[in-house]
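Asks: Before I ask anything, here is the structure I am working with.
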Amino acid sequence: MNVALIVFFISSLFSLFTNYTYHIHIHNYEFKYSNYSIHIPPSPHPSASPASSTLLLRRKFLPIFWLLRLSDWLQGPYFYAVYASKFTNINLNSNLNSPNNLISLLFLTGFASTALFGPTLGRLTDSHGRKAATISFTVLYALGALSTRVTTGSNLLPILFLGRVLSGLGTSLLASAPESWLVSESAKDPDTEKSLGETFGLAYAGDSIVAIGAGLMATKVEGIRGVTGPFELSAAVLLLGGLATCFAWGENKAMANNNNNNNNNNNNNNKAPTIREAISVVRSDEKIVLVGLVQALFEAAMYIFVLQWPPIIAKVVGQAFG
């Protein structure tokens, strides 16, 4: 448990630097690389009606965003159960740990993948486009979900661990690419730019409803298809989300946001920020450090709870009802 806490904490804290390095490209809405300042665009007056351009952008972004989030929420309730089912009827070698420890390692593999490859994926997203990165997320995450279909055989563990690596890569893209696409698209129009904060509010308010619906859907599908059912449904949702992204979104890249900058700023804006520079900025502002620590501790506590809660509940229910 202590080792898991430490690893979760380090992975979450490292993701702060990863996300900072990536979002450093998002002009005017994240920490600006040129002066490390924070600028949050003002929200429109509550009584003002959104402009047509804002409504159009929301129609493009919100349904797809909620589909992508749905694919993630579907997997969560049965993460432990689906992997526990793989080790119930097989004989583990003496060199391997208990099933619970293997599940813990599978869990940590996804986080390690996100932490290690996040900076590289961020740069690739900036250079090749946020739309392409979002589509890549749907492919990677679908492959990770379908890896749970493997039941027996000598390749069981390698496939499961590979699936967790792919899911970790997908998680990094999900946490950055769609929102980066929205920020860049919003910056193209003054009306959408002013409404960006409200658009994000709608996105995450809807995400809460999506999470509740995903839990109900996952339970229903599990009763029909078994513990792999929610992962199969997640893959289908990812396919739908990927197709919708292909047809509804235009491409935007980080370099496109710098075309209007003067020549003196081009060199600084085009320079790819590094993890070392991100750490330096984080260390220079204790508020960023405190936010990162709070996030890391919260994520560590939450995921330890997620990992330990299913077997404990199953044991209690078994003792109570036989």
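Where a number appears in this text, it was derived from the coordinates with a stated rule and is not lab data. Predicted model only: the values in this text are computed from it and were never measured. Cβ: placed from backbone, ideal geometry, glycine included. Neighbour counts: every protein chain shown.
Asks: For the stretch 157-240, treating each Cα as an identical point scatterer without solvent, what Debye log10 I(q)/I(0) comes out at q = 0.10, 0.14, 0.16 1/Å?
Replies: One equal scatterer on each Cα of the stretch 157-240 leads to -0.39, -0.70, -0.85.
Asks: Also: Could you sort the peptides 175-188, 305-318 by per-residue average Cβ neighbour count (10 Å cutoff), highest mean leading? Provide the component values of the computation, followed by the final result.
Replies: Details: 175-188: 22.4, 305-318: 12.4.
Highest-to-lowest ranking by the protection proxy: 175-188, 305-318.
Asks: Also: Give me the net charge of ALA145's neighbourhood, meaning all other residues with Cβ under 15 Å from the Cβ of ALA145; Lys, Arg count +1, Asp, Glu -1.
Replies: +2
Asks: Separate question: From the backbone phi of the stretch 305-321, what are the Karplus-calculated ³J(HN,Hα) couplings (6.51 cos²θ - 1.76 cosθ + 1.60, θ = phi - 60°) in whole Hz, Gly and Pro given as x?
Replies: Along the stretch 305-321, the couplings run 4, 4, 6, 8, 5, x, x, 5, 4, 4, 5, 5, 4, x, 5, 6, 10 Hz.
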